[in-house]
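The values are calculated or read from the model by the stated rules, or taken from the named source; none is laboratory data. If you're wondering where the values come from, they're calculated on a predicted model, not measured in any experiment. Here the Cβ is made from the backbone with ideal geometry for all residues, glycine too, and neighbour counts use every protein chain on show. The protein model used for the area step is the full one, side chains on, heavy atoms only, and it has no ligands, DNA or RNA in it. Shrake-Rupley method; radii C 1.70, N 1.55, O 1.52, S 1.80 Å.
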Amino acid sequence: MSRQLLAMALAPLLGLFILGIGNGFLATLITVRLDAAGESATVIGVVSSAYFIGLALGALFNDRLLLRIGHIRAYGSFASLVAVTVLLQGLFFDPWAWFALRLIGGWATVGVYLVIESWLLTAGEQKVRGRLLALYMISLYAAGVIGQLLLGVTNAMGVTAPFMVIGMLASLSVLPMAMIPRVSPLIEHAEPLPPYRLIMLTPTGVVGSLGSGMVVAAAYTLLPLYLQRIGMSVNQVGQMMALVVLGAMLLQYPIGRWSDRHDRQMVLIGISGFCVLVSAAILWLPLSTPLLAVLLFLLGGGVFAFYPVAVSHAADRAPAGALVRMSQGLLLINSIGATLSPLMISPVMTAVGDAGLFWVFGGLSLFFLLFFAWRRSVRPAPMPVAPFTATTPMTAAGAELVITEELVQGALEHEHLEDLSDAVPNVDVAEPVVGPPAEEETRIAYYDDVEQVGVRK
């Protein structure tokens, strides 16, 4: 990777890493604190859902704010708001006040991600997006693992200490962005494909994205509740959650390579069946702590792989000009699933017990298996048009980051195989959401102006 590219990407990735350490254990912290205060699983689910509602709202509307005030000032504003909402949660306890604070915090957090992801899009041309995305994922998941491991350490320092640490980290994440010269990437308002178009184009991609949002959100917000209620300490809960995130980080790549060599629908069927087996093992086997740790590591790898494989499958069918809007639409579907998940699953845990979480995991996975098998019998998956790209985008800019040069070229070469004009009419060229800085903006030495990345045709 060139020095110019690394220099351009270093500041946003460092900011992401610092913020991500605190954000990595905030959801777990809130769940265990609400449970320790005697709140029901349903209340915990409602409060947890507020964060994902905020994420979805921010993903839809925050780009307009960036257009008004610029990326660096927007980053500082969003990160400061994250810090304030977290510190307020440490000052007083009230579930409904926490609901409002989590909603605002989710909205601000996705604003931070929007700045980071759009910045990365301008750091290099389309052919290096795969490397940028790899750095992005390493930063995001590594911060998540470290954050979960810090849960027990900070909790032992006092009741308010974890919230103070997260607030400080959010504030510190501003420094890398504030120290670089002013450069504002151009950003257009996202126009994702509407759900009915996505269903016509890729039913498998829609169900996979929706289901992924549901199971991943439940893993982040309700799995800590299960772990604490089976007798684990806060420190042990953090360690187990770190293993879940580590499994997601380490197993996505081999699963992705598997999907490059085989029918991606079969891979989705395999992941679904695997998650059914892991859920059944947690429900029915006599669990020791080491065995539960192994099973949660495997479960993390399975549930977090749903989304990238589903998006890769959808991209194998989409015309080149629809790739960006399709990816944005699937991200919106994923956000809807994450928002609904705690609201739907927590009442089940209240009604049937804490193990209800894994009954739901197993039931959803079985439904996915049957659905993907049915879709494969109706319309077999196309051959992969480009290598699998592991991704966890949060915004429309991140959805565009997934669209690599190889993927666009592969889509162009396969467009003649199927007429998709009914599903994605009037699409000729891939339109970027983010472009290079405007002409009047101050330039910096390490920004490569030789090629205008993402300029509209």
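Just one of (1) open to solvent by 10 Å² or more (accessible area, probe 1.4 Å); (2) in contact with a His (Cβ under 9 Å, 6 or more places away or on another chain) trips up V267, so point out which.
(1)
Which one of these does T85 not meet: (1) of a type outside the set (K, R); (2) at pLDDT below 95; (3) buried (at least 21 other Cβ atoms within 10 Å of the Cβ)?
So T85 meets the others, but not (2).
Restricting the search to region 250-264, which residues are open to solvent by 60 Å² or more (accessible area, probe 1.4 Å) and either in contact with a helix residue (DSSP H, G or I) (Cβ under 9 Å, 6 or more places away or on another chain) or not in a helix (DSSP H, G or I) (or both)?
L250, P254, W258, H262
Can you name every one of the helices (runs of 4 or more DSSP H) wholly within region 103-209 that holds 2 or more residues which are more than 25 Å from G45 (Cα to Cα), of a type in the set (D, E, K, R) and modelled with pLDDT under 90?
Here the list reads 129-155.
Given the condition touching an Asp or Glu at 6+ places or on another chain (Cβ under 8 Å) and not aromatic (F, W, Y), answer yes or no: does some residue in region 288-303 qualify? Step through it out loud before you land on a result.
Keep residues of region 288-303 that are touching an Asp or Glu at 6+ places or on another chain (Cβ under 8 Å), which gives none.
No, region 288-303 has no match at all.
Scan region 217-239 for residues that are open to solvent by less than 10 Å² (accessible area, probe 1.4 Å) and either farther than 16 Å from P347 by Cβ or touching a Cys at 6+ places or on another chain (Cβ under 8 Å) (or both) and report the count.
6
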